[in-house]
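Engineer: My questions will all concern the structure given below.
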Amino acid sequence: MDPSYPAELPEMSARGWPALVSGLKASDSSGKPIEAASPDKRGWRVSQPHEGRVTLSYDVDFSLFAAKGWSSPLESAFVDATHISVSGRGLFIVTGQVASAEIDFDVPRPWLTVMPWLHRTSAAHGYAARSAEDLTHNLLVFSTVAPDVVTAEGFTLQIVAMGHWEPLRPLIREVLGAVIAREVNLMQDKEAEIYTVVLLPIVDEGGEAYRQSFAYCFEDPSKQNRGAWANTLAHEIFHYWNYARLRGADYASTQWFQEGFTEYVANVTLVSGGIVDTGTFVARLGEHVNNYRQLTTTLEAIGTRKGPPLYSAGALVAFSWDVKIRQASGGRRNIGDLFRNLWRQTDGGARKYAWADIRAALQATADADWEGYYQAHIKGHDPLPLDEALAGAGLRLSRTDAGNEIVEPDPAATPSQRSLWLALTNRK
C-alpha cells in the first residue's frame, strides 16, 4: 500500500495503511489461494512468485481513526448522512507492476460516485486512472447529492460542499469558475482532466492536497471572508500543475518554487478574477514581505522548515520575475510563459526539474541575468531586491507607525510602471 501514513497513531506508525485491512484473501487466475505473510508498512509479500491476474478480497475499516480521536478526516475518511469521503491511500492494494488502472464501483441507489478520474462510458460507475499514484493519491467521494461542476477547456472541477458550505454553493461555483478559467489559461492546458474539491463541515482550518483532489475545512466561510478561503483553494488547485505534474528533482531545494510560485499564482488569480480588489492584493504583498523577513535560511536550504516565511519568499520571487519578464519582453510575456516553457523543458512533467531547467525556461521567456539572481538571492544570502521589483509595478515599501512594512502605490510611478501594474492585475 502507499508508504505514507499518519504517524501520530501508534497502530499506523507500526504497520502503516495495512493496519486498516482485515480478512485479506488472494487467489490466482485459477482460483488457487495465494499465501501471503503478515504485512509490514508497505504491504504483503507472497510466499511464492505468481504470474498473471491476482484477485484480492479484503475489508478496510477506517473506524480506527475515530476510536483514537484522530482529528484529521481530511487524510483518512469522513462520513455524514449524505456523503462519504475516503482517502485512496488506505483503500487500494497495488503492486509495483500496476501502471494504470480501471476501477468499477458497485454502489446502492441513490448513491453517486464523485471520482477524480476520467469516466469510462462502458460502466455507470467506471473510471480510468492513468497511474498507480493517481489511483492511491486521491480522495474518493460517495454522495447522494450531485456535485457542482465548473469547466474550463478540458478541465472539469467537481465541488462537493457539505454542512456550513452548502449555503455558499452559488458563490463557490462563481469563485472557482473564475479560478480554473485563469489557471487553465495560464498553463494553456487543454488536456481532459478531472479534479475534485471536497469542502468538509469541520470547525477548523486546514487542508490536505492530493494529486487531483483537495480536502478543505474552514471555520466560518462567508462572502465577506472569501479572500481567505478562495486563496487556499486557488493555491491547492494550481498544485495540480506545480506539484502533481511539475516535480522538483530535490524536494527541499525546490520548495521555494513549488510553494512560493503556486501562492503567487493564487494571489494573482484572485485579483485578476475580480474575487478580491487590488487593495487586497497589495496588502497580500505586504504580508509576504513581513513573512519573508522571518526567513532564517536561504531559499534553497530550508530542510524541513516549510511555512509562511518560505511561501512568502517564493511568492515575492515569483512577483519579481513576473515584473522582470514583462519589462524585458515589452509586456509580451509573463509568469505564465515561464510555466509553459518549464512544462516543455521537462517534457510535460515527465522529467523532474532542477535549477538548470528553471533557468533554461526563464531564458526562453525573457533575456535577463537569471543565473546572477539565483546565485545571489535564492542559493545565496543576499536579500531579495524588493524595492526594484515593486518600483517596476508602480509600488513602494513603507512602514506603519508600529514599524511594520507595508506595500503601497507609489504616487511618483511613471506611466509605464502604472501600465505594467494594470496588465499584471488584469485591471484595464
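The values are calculated or read from the model by the stated rules, or taken from the named source; none is laboratory data. None of the values given here were measured: they were computed from a predicted structure. Every residue, glycine as well, gets a Cβ built from its backbone with ideal geometry; the counts of neighbours run over all protein chains shown.
Engineer: Would you mind telling me which numbered condition in (1) of a type in the set (Phe, Trp, Tyr); (2) outside the structural domain of ALA128 (by TED's automatic domain parsing); (3) more than 26 Å from the chain's Cα centre (by Cα) PHE62 fails?
Structural biologist: Exception for PHE62: condition (3).
Engineer: Return the residue satisfying two criteria in turn: it lies in region 314-369 and is among the β-branched types (Val, Ile, Thr) and in contact (Cβ under 8 Å) with a residue 60 or more places away in the chain, and of such residues it is nearest to GLY392 (Cα to Cα).
Structural biologist: Filtering first and then ranking leaves VAL323.
Engineer: I've got another one for you. Considering only residues of region 96-126 that are in contact (Cβ under 8 Å) with a residue 24 or more places away in the chain and β-branched (Val, Ile, Thr), which is surrounded by the fewest Cβ atoms within 10 Å (Cβ to Cβ)?
Structural biologist: Top of the filtered list is VAL107.
Engineer: Being more than 8 Å from the chain's Cα centre (by Cα) and either of a type in the set (S, T, N, Q) or more than 17 Å from VAL184 (Cα to Cα) (or both) is the filter here; which residues of region 220-245 pass it?
Structural biologist: Those that are more than 8 Å from the chain's Cα centre (by Cα) and either of a type in the set (S, T, N, Q) or more than 17 Å from VAL184 (Cα to Cα) (or both): ASP220, PRO221, SER222, LYS223, GLN224, ASN225, ARG226, GLY227, ALA228, TRP229, ASN231, THR232.
Engineer: Right, here's the next one. I need the full set of residues from region 306-327 which are of a type in the set (S, T, N, Q) and within 21 Å of the chain's Cα centre (by Cα), in order please.
Structural biologist: The one that is of a type in the set (S, T, N, Q) and within 21 Å of the chain's Cα centre (by Cα): SER312.
Engineer: Then there's this: Considering only region 332-363, how many residues are modelled with pLDDT of 95 or more and under 19 Å from VAL265 (Cβ atoms)?
Structural biologist: Of the residues in region 332-363, 19 are modelled with pLDDT of 95 or more and under 19 Å from VAL265 (Cβ atoms).
Engineer: Does at least one position in region 366-379 carry a residue that is at pLDDT below 95, outside any helix (DSSP H, G or I) and of a type in the set (Gly, Ala, Ser)?
Structural biologist: no
Engineer: Do you know which of the residues in region 179-211 that are in a strand (DSSP E or B) and modelled with pLDDT under 90 is surrounded by the fewest Cβ atoms within 10 Å (Cβ to Cβ)?
Structural biologist: GLY206
Engineer: Still on this model: Among the numbered criteria (1) acidic (Asp, Glu); (2) modelled with pLDDT under 90; (3) part of a loop (DSSP other than H, G, I, E, B), which single criterion is violated by ASP106?
Structural biologist: (2)
Engineer: So GLN158 passes all but one of these: (1) within 23 Å of ASN242 (Cβ to Cβ); (2) in a helix (DSSP H, G or I); (3) not aliphatic (A, V, I, L, M). Which condition number does it fail?
Structural biologist: Among (1) within 23 Å of ASN242 (Cβ to Cβ); (2) in a helix (DSSP H, G or I); (3) not aliphatic (A, V, I, L, M), the lone unmet condition for GLN158 is (2).
Engineer: In addition: Please work out which one of (1) in the same structural domain as VAL160 (by TED's automatic domain parsing); (2) on the phi < 0 side of the Ramachandran plot is the condition ASP250 fails and give its number.
Structural biologist: (1)
Engineer: Determine if region 147-156 includes at least one residue that is within 17 Å of PRO201 (Cα to Cα) and out of contact with any helix residue (DSSP H, G or I) (no Cβ under 7 Å at 6 or more places or on another chain).
Structural biologist: Yes, that holds for at least one residue.
Engineer: Separate question: Looking at GLY260, GLY273, GLY286, GLY303, which one is assigned by TED's automatic domain parsing to the domain that holds ASP367, in contact (Cβ under 8 Å) with a residue 24 or more places away in the chain, over 18 Å from the mean Cα position of the chain (by Cα) and closer than 30 Å to ARG130 by Cβ?
Structural biologist: None of the other options fit; the residue is GLY273.
Engineer: Checking GLY207 against (1) in contact with a Lys or Arg (Cβ under 9 Å, 6 or more places away or on another chain); (2) in contact (Cβ under 8 Å) with a residue 12 or more places away in the chain, which single condition isn't satisfied?
Structural biologist: Of everything listed in (1) in contact with a Lys or Arg (Cβ under 9 Å, 6 or more places away or on another chain); (2) in contact (Cβ under 8 Å) with a residue 12 or more places away in the chain, GLY207 misses just condition (1).
Engineer: Going by the structure shown, is THR365 under 15 Å from LYS324 (Cα atoms) and hydroxyl-bearing (Ser, Thr, Tyr)?
Structural biologist: Against the criterion (under 15 Å from LYS324 (Cα atoms) and hydroxyl-bearing (Ser, Thr, Tyr)), THR365 qualifies.
Engineer: Which of the numbered conditions does THR297 fail, given that it passes all the others? Conditions: (1) out of contact with any Phe, Trp or Tyr (no Cβ under 9 Å at 6 or more places or on another chain); (2) within 23 Å of ALA350 (Cβ to Cβ); (3) part of a loop (DSSP other than H, G, I, E, B).
Structural biologist: Just one mismatch for THR297, condition (2).
Engineer: Among the listed residues ILE275, ILE325, which satisfies the condition of being of a type outside the set (S, T, N, Q) and in a loop (DSSP other than H, G, I, E, B)?
Structural biologist: Residue meeting the stated conditions: ILE275.
Engineer: Could you tell me how many of the residues in region 119-136 are over 19 Å from the mean Cα position of the chain (by Cα) and of a type in the set (A, V, I, L, M, F, W, C)?
Structural biologist: 3
Engineer: Of the residues in region 65-93, how many are hydrophobic (A, V, I, L, M, F, W, C), crowded, with 17+ Cβ neighbours inside 10 Å and outside any strand (DSSP E or B)?
Structural biologist: 6
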